[in-house]
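> Handing you this structure, nothing more for now.
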Amino acid sequence: MTAASSLGTIRVVSLYDDVMNVYADRGNLLALQHRAAALGVSVEASRVSLGDALPAEADLVLIGGGQDREQRRIADELVRRGALLREWAEDDVAMLAVCGGFQLFGRWYRDAQGEEIPGIGLFDVTTVAPPPGWTRCIGDVLVQSPVGAIGEVVGFENHGGRTYLGPGARPFARVEYGFGNNGADGTEGCVYRQALGTYLHGSVLPKNLGLLDHLLEAALRHRYGPEARIEGVPDVYAARAHDAAVAVARRRAPRFEGVAR
Amino acid sequence: MALLAGRAAGEATRRLGRGGGTALPGLVARTLAPGLVESLAAQPGHGVVTVTGTNGKTTTTHLIAAIADRAGMTPLTNRTGSNLERGLVTALVDAAGADGRIHDAATSLGLFEVDEAALPPLFARLRPRVAVFLNLFRDQLDRYGEIDSVAAGWSRMLAVIGTAPVLILNADDPSIAALAEVAGGEVITFGVEDRSAALPEAEHASDARFCACGARVRHEAVTMGHVGWWHCDACGRTRPTPQVAARRVTLSAESSTVEVASGDDAATLRLPAVGLYSVYNALAAIAAGRALGVSLADSVAAIEATGPAFGRQERFTVDGRTVRIWLAKNPAGLNEIVRALLSANRSLHLLAFLNDGIQDGQDVSWVYDADLERFAGHVERLTCAGTRADDLALRFHIAGRAPEETITGTDAALDAALGATPAGGTLDIVATYTAMIDVREVVAARAGERAYWEAAR
Ligand SMILES: [Zn+2]
């Protein structure tokens with residue numbers, strides 16, 4: 001694979017990746033660095049954890065999932081950084097918030113005891129712990145995203161909380177197989193400007209190049225303006241892993257049969 | 001009646017050739033007689049030992065069996081790694097006669113590896129005399145849930161148990177060491193004292209980063225994942241000094257030499273296994289031996305004389321090549337295997353399997369938490385295989401070492417990898433659980449060995 005002439009450098013912030021990495025969300029950063037190298041994009045990654053300051057600027061923000069205890073640990077500090085993160089989102093910084101990170105980028109999470117953990121409200125979504133007797137949403141998941149040219153995205157989901165979109169919120173994707181936000185309305189994740197929230201891990205970026213390239217291009221546009229483009233380079237390993245995972249999801253996950261979009 | 005039906009079911013599945021029949025008899029017997037575990041587990045004259053933890057259960061159980069055997073006990077184990085309730089029931093049913101009595105009950109020792117999530121409901125029914133806790137790593141979240149809830153379940157289980165077992169605890173793992181706080185009886189800790197065995201830098205797959213008090217645990221050094229020399233600034237909890245300790249560890253490509261101290265005794269263990277994780281398993285077994293009244297010298301002799309457990313660093317000779325099989329179930333375990341393989345300091349021929357069955361974990365994300373980047377520059381030839389061969393190939397591709405071949409089928413992958421290994425060379429096979437069962441059977445057949453349920457008997 002030949003690296004194209006350099007398309008520039010993007011500044012990637014990986015938020016709390018030592019705390020919020022319960023489903024190998026680390027793979028998203030690894031895949032991003034690998035793909036960027038193949039496309040001729042340089043990556044300046046900074047890892048920001050508890051107590052660290054956010055950098056002055058960013059083109060792409062990543063945050064993964066955590067256990068309940070870990071989400072509680074970062075929630076307060078994340079809320080204090082909420083204003084800046086929302087400002088970045090308004091400025092079209094690209095973002096990917098996965099699972100627990102997606103929940104905390106919403107308005108709030110109400111746990112099983114009825115206690116509300118505040119989120120940063122970047123996405124107009126709220127999440128509630130499952131009522132007694134409800135199971136976790138666990139399994140392969142296949143969705144179709146209308147965002148850009150992302151299209152089919154495949155992954156694995158594992159969440160107890162049920163997430164509901166607010167009146168103005170747009171879903172990231174529509175569920176074909178699996179549960180998605182709540183197992184009831186057929187929506188998956190949320191999109192706000194260039195920020196994407198999703199329950200899909202697996203890790204999600206390595207085998208969904210449409211999504212990965214979408215984020216890379218959005219990050220380049222943030223840095224260099226609306227003309228910035230990437231040339232899609234085929235990656236046979238990513239394509240094969242994607243196809244294999246799609247086949248598994250179609251065979252193994254429940255087909256979503258709800259009607260609401 | 002339940003016993004006979006269970007035994008008949010085991011014989012029937014084995015005759016039909018459908019796997020080892022190691023779980024079905026248990027399922028039948030459990031359904032027919034719900035009190036069976038209690039009545040059978042009460043019979044062994046030397047009591048019951050349980051072994052749990054994320055990694056090392058099967059090997060540690062295997063080593064304790066060797067120690068017990070040398071001390072004149074008759075260990076009664078679920079050796080094939082069938083470690084959920086029905087696997088245990090199967091082991092007990094197989095040992096019992098039609099009258100429900102275990103043969104040679106007076107000399108027998110119930111010795112069971114128990115899945116970490118299956119332990120709490122079984123604990124009060126098995127009433128162990130000795131309970132071994134090895135480590136707690138992230139493993140198959142789709143099956144077990146989050147590690148916090150596993151640790152909390154163990155604590156509740158220990159707090160309510162009537163007769164207190166001797167707890168064998170890993171001093172170096174903060175979430176295991178904390179179980180001493182709920183112990184009702186004796187505690188024997190084990191750990192590595194040799195700081196030269198520490199890693200130069202922390203690994204990514206470190207899980208128990210938080211203390212029982214909620215603060216972040218500090219590590220002065222780590223041996224693997226979150227295991228090492230730890231303390232908590234907030235509450236003062238700290239790694240206890242291990243009572244069974246590896247004072248000095250020398251790891252080599254084929255074996256390890258360990259200076260072991262246990263109380264006032266000391267001995268040199270020449271461990272026929274690779275990697276620091278194997279040292280932890282041996283220390284746990286020696287500590288369990290101590291709880292059973294076996295001397296350090298006898299435990300060391302027993303461990304030195306025993307071979308590897310099923311599918312764990314087992315070696316075979318096939319077509320003039322050495323084939324080694326490594327079971328990899330989770331990031332922490334895979335990182336240890338990577339480290340052990342690299343310690344050989346030669347170019348590797350590697351056949352790596354990733355399956356996504358229920359016993360492997362249907363979620364294959366975990367391969368991104370293992371530091372496969374370390375393989376770059378050390379692998380002569382790589383074949384990716386298994387039901388999720390393409391996911392594994394992508395992981396290696398991202399790690400900078402794309403495979404030469406990606407082949408889903410077990411036989412075809414083995415043929416390709418063996419064919420590419422020079423005569424006299426070594427092929428290392430790293431595989432998830434169900435893939436290991438498959439490939440080991442093929443390898444063993446080609447090497448002229450018996451199938452696993454026969455070997456385990
Ligand atoms: Zn503490």
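The values are calculated or read from the model by the stated rules, or taken from the named source; none is laboratory data. Model, not experiment: these values are computed from the prediction. All Cβ positions, even for glycine, are placed from backbone atoms using ideal geometry, and neighbour counts span all protein chains on display. These accessible areas exclude ligands, DNA and RNA; they are computed on the full protein's heavy atoms, side chains included. Shrake-Rupley method; radii C 1.70, N 1.55, O 1.52, S 1.80 Å.
> Could you tell me whether any residue of segment B:75-94 is modelled with pLDDT of 80 or more and within 14 Å of chain A (Cβ to nearest Cβ)?
Among the residues of segment B:75-94, not one is modelled with pLDDT of 80 or more and within 14 Å of chain A (Cβ to nearest Cβ), which makes the answer no.
> Between B:GLY311, B:GLY293, B:GLY236, B:GLY307, which is within 16 Å of the ligand (Cβ to nearest atom) and part of a loop (DSSP other than H, G, I, E, B)? Spell out the reasoning first.
Numbers: B:GLY311 fails: within 16 Å of the ligand (Cβ to nearest atom); B:GLY293 fails: within 16 Å of the ligand (Cβ to nearest atom); B:GLY307 fails: within 16 Å of the ligand (Cβ to nearest atom).
Exactly one of B:GLY311, B:GLY293, B:GLY236, B:GLY307 is within 16 Å of the ligand (Cβ to nearest atom) and part of a loop (DSSP other than H, G, I, E, B), namely B:GLY236.
> Condition first: at pLDDT 85 or above and open to solvent by 20 Å² or more (accessible area, probe 1.4 Å). Now tell me which residues in segment B:118-150 satisfy that.
Scanning segment B:118-150 gives B:PRO120, B:PRO121, B:ALA124, B:ARG125, B:ARG127, B:ARG129.
> I'd like to check something: does segment B:226-235 contain any residue that is closer than 25 Å to A:ASP25 by Cβ, modelled with pLDDT under 90 and in the same structural domain as B:LEU134 (by TED's automatic domain parsing)? Steps first, please.
Within segment B:226-235, the subset closer than 25 Å to A:ASP25 by Cβ is B:226-228, B:230.
Next, from what is left, pick out any that are modelled with pLDDT under 90: B:226.
After this cut, where a residue has to be in the same structural domain as B:LEU134 (by TED's automatic domain parsing) as well, the list is B:226.
Yes - at least one qualifying residue is present in segment B:226-235.
> Which residue is farthest from the other protein chains (Cβ to nearest Cβ), if the candidates are limited to segment B:364-416 and must be open to solvent by 20 Å² or more (accessible area, probe 1.4 Å), within 20 Å of A:VAL246 (Cα to Cα) and not in a helix (DSSP H, G or I)?
Looking at the filtered set, the residue picked out is B:GLY409.
> Would you be able to say whether some residue in segment A:58-74 is polar (S, T, N, Q) and part of a strand (DSSP E or B)?
no
> Only residues that are among the small types (Gly, Ala, Ser) and open to solvent by less than 10 Å² (accessible area, probe 1.4 Å): list them for segment B:417-439, please. Before you say what the answer is, go through the steps one by one.
Here is the first cut: in segment B:417-439, the ones among the small types (Gly, Ala, Ser) are B:417, B:419-420, B:423-425, B:431, B:435.
Selection gives B:ALA417, B:ALA431, B:ALA435.
> Of the residues A:ARG73, A:ARG47, A:ARG80, only one is open to solvent by 10 Å² or more (accessible area, probe 1.4 Å), more than 26 Å from A:GLU157 (Cβ to Cβ) and of a type in the set (Lys, Arg); which? Spell out how you get there, then give the answer.
On the way: A:ARG73 fails: more than 26 Å from A:GLU157 (Cβ to Cβ); A:ARG47 fails: more than 26 Å from A:GLU157 (Cβ to Cβ).
From the options A:ARG73, A:ARG47, A:ARG80, the qualifying one is A:ARG80.
> Which numbered condition trips up B:GLY225, out of (1) within 14 Å of another protein chain (Cβ to nearest Cβ); (2) within 16 Å of the ligand (Cβ to nearest atom)?
(2)
> For segment B:334-347, which residues satisfy the criterion of being under 19 Å from B:ALA389 (Cα atoms) and either open to solvent by 10 Å² or more (accessible area, probe 1.4 Å) or in a strand (DSSP E or B) (or both)?
Within segment B:334-347, B:LEU334 is the sole residue that qualifies.
> Just one of (1) open to solvent by less than 10 Å² (accessible area, probe 1.4 Å); (2) within 27 Å of B:CYS211 (Cβ to Cβ) trips up B:GLU113, so point out which.
Checking B:GLU113 against (1) open to solvent by less than 10 Å² (accessible area, probe 1.4 Å); (2) within 27 Å of B:CYS211 (Cβ to Cβ), the one that fails is (2).
> Tell me whether segment A:138-157 contains one or more residues that are assigned to a helix (DSSP H, G or I), more than 14 Å from chain B (Cβ to nearest Cβ) and either open to solvent by 10 Å² or more (accessible area, probe 1.4 Å) or closer than 26 Å to A:GLU217 by Cβ (or both).
There is no residue in segment A:138-157 that is assigned to a helix (DSSP H, G or I), more than 14 Å from chain B (Cβ to nearest Cβ) and either open to solvent by 10 Å² or more (accessible area, probe 1.4 Å) or closer than 26 Å to A:GLU217 by Cβ (or both).
> Another question about this same structure. Return a yes/no flag: does segment B:199-218 have any residue that is within 15 Å of the ligand (Cβ to nearest atom), away from every other protein chain (no Cβ under 14 Å) and open to solvent by 50 Å² or more (accessible area, probe 1.4 Å). If you could, list the steps in order and put the result at the bottom.
To start, the set of residues in segment B:199-218 that are within 15 Å of the ligand (Cβ to nearest atom) comprises B:208-218.
If we keep only those that are away from every other protein chain (no Cβ under 14 Å) as well, we get none.
So far as segment B:199-218 goes, no, none of its residues is within 15 Å of the ligand (Cβ to nearest atom), away from every other protein chain (no Cβ under 14 Å) and open to solvent by 50 Å² or more (accessible area, probe 1.4 Å).
> Given the criteria open to solvent by less than 10 Å² (accessible area, probe 1.4 Å) and assigned to a loop (DSSP other than H, G, I, E, B), does A:ASN181 qualify? Reasoning before the result, please.
Numbers: open to solvent by less than 10 Å² (accessible area, probe 1.4 Å): yes; assigned to a loop (DSSP other than H, G, I, E, B): yes.
The answer is yes for A:ASN181.
> Quick check on this structure: which one of A:GLY64, A:GLY106, A:GLY100 is within 14 Å of another protein chain (Cβ to nearest Cβ) and closer than 19 Å to A:LEU165 by Cβ? Show your work before the answer.
Details: A:GLY64 fails: closer than 19 Å to A:LEU165 by Cβ; A:GLY106 fails: within 14 Å of another protein chain (Cβ to nearest Cβ).
The match here is A:GLY100.
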